[in-house]
Amino acid sequence: MKTAILLLLALLISSKNFAQEIPAAYAVSEGFNFWNLQEGATAYVIADEAYIREYPSTSARLLDSVVLGTVVKIISIGYNDNIIRGFYAPWHQISYQKNNETKTGFIWLGLLALSRHVDSEGTQYLFGFDRFITAGDDTSDYYRCDLKLLDKKGQLIQKYNFHYDYLDQGYFSSELLPNMGLKGLKNILKVEFSGEACGIPTEYYYVGWNGNDFIDLPKHYTVSDAGIFYHEETMLFPSQHKKGNNLVFKMIEEGVAEDTDLEDAEMTITKRQETYVWDGKVLSQVVEMK
């Protein structure tokens with residue numbers, strides 16, 4: 001009887017100590033992030049291999065690993081912002097299927113895709129971050145972005161990467177477009193990084209897919225500071241402007257306040273245009289002689 005009581009007391013003390021450790025091990029993530037995933041959301045692994053941990057830390061016991069394209073369900077809020085691959089992101093508890101079994105564990109958010117799109121043929125476009133590179137002598141801060149194409153069975157077809165220059169944006173969105181009139185392309189992935197504050201640009205990137213390779217297309221941006229200036233760029237593809245199947249136009253408009261001390265000061269507005277020619281493989285800018 002005495003032994004049983006001592007064992008019960010030991011279990012109670014152990015349980016109490018564990019409960020006291022939970023707040024430290026599971027610090028709630030307060031920051032906003034590009035993924036903005038809520039409990040119940042579905043997400044997709046973009047890393048070639050992602051580790052599943054017992055609790056939200058790189059030092060936690062490794063429970064399992066999942067591969068590129070694995071579907072996961074977010075079942076917790078974010079915990080414990082960690083810097084991995086150069087950037088901050090929290091951990092989420094997830095559930096997923098493996099070997100006909102439902103499993104759970106924690107995954108670092110940076111290993112999940114920011115977006116996934118599926119075309120009419122069932123091909124999957126997964127887009128996400130690979131790593132963050134801090135500014136150097138000749139470069140600004142940037143994210144190395146990954147675009148991975150998977151077939152219906154989840155097998156990797158092709159991958160592509162590019163640099164997104166980080167300028168304090170906090171929001172992300174993407175859209176899978178048709179070829180927009182550019183013959184030879186199947187689809188165009190458009191990604192957007194934006195912010196709410198004045199002076200933070202919204203940047204747009206386009207990547208085309210022709211069935212064999214990814215094609216880099218011109219990017220554009222908009223930025224403004226209320227009442228002082230604005231710069232706005234708009235892309236017009238053949239299906240939009242109807243002026244030729246091999247032409248793409250970038251329309252650029254700028255406005256600068258004539259007197260920054262006045263609240264409703266008139267602006268000097270200038271407009272110009274850049275022209276690009278599509279040869280079925282590459283979109284090249286036309287250089288105009290002055």
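For the stretch 207-251, taking the residues that are closer than 30 Å to Glu266 by Cα, of a type in the set (Val, Ile, Thr) and at pLDDT 95 or above, the one that is surrounded by the fewest Cβ atoms within 10 Å (Cβ to Cβ) is identified as Thr234. With respect to Thr42, is the statement that it is among the hydroxyl-bearing types (Ser, Thr, Tyr), touching a residue at least 12 places away in the same chain (Cβ under 8 Å) and either closer than 23 Å to Lys148 by Cα or crowded, with 17+ Cβ neighbours inside 10 Å (or both) true? Yes, satisfied.
Going through Leu167, Leu182, Leu177 one at a time, which residue ends up being surrounded by 15 or more Cβ atoms within 10 Å (Cβ to Cβ), more than 15 Å from the chain's Cα centre (by Cα), aliphatic (A, V, I, L, M) and over 27 Å from Gly69 (Cβ atoms)? Even if it seems obvious, please write down each step before you answer.
Values: Leu167 fails: more than 15 Å from the chain's Cα centre (by Cα); Leu177 fails: over 27 Å from Gly69 (Cβ atoms).
That would be Leu182, the only listed residue that is surrounded by 15 or more Cβ atoms within 10 Å (Cβ to Cβ), more than 15 Å from the chain's Cα centre (by Cα), aliphatic (A, V, I, L, M) and over 27 Å from Gly69 (Cβ atoms).
Ser95 meets all of the listed conditions (1) over 18 Å from the mean Cα position of the chain (by Cα); (2) more than 30 Å from Ala25 (Cβ to Cβ); (3) assigned to a strand (DSSP E or B) but one, namely (2). In the stretch 182-229, counting only strands (runs of 3 or more DSSP E) that sit wholly within it, the ones holding 2 or more residues that are touching a His at 6+ places or on another chain (Cβ under 7 Å) span 214-225.
Evaluate the following for Tyr204: is it buried (at least 16 other Cβ atoms within 10 Å of the Cβ) and either without any contact (Cβ under 8 Å) to a residue 40 or more places away in the chain or of a type in the set (S, T, N, Q) (or both)? In short, yes.
The values are calculated or read from the model by the stated rules, or taken from the named source; none is laboratory data. Treat the numbers as computed from the prediction; the structure is a model and nothing was measured. Glycine gets a Cβ as well: all are built from the backbone with ideal geometry, and neighbour counts include every protein chain shown.
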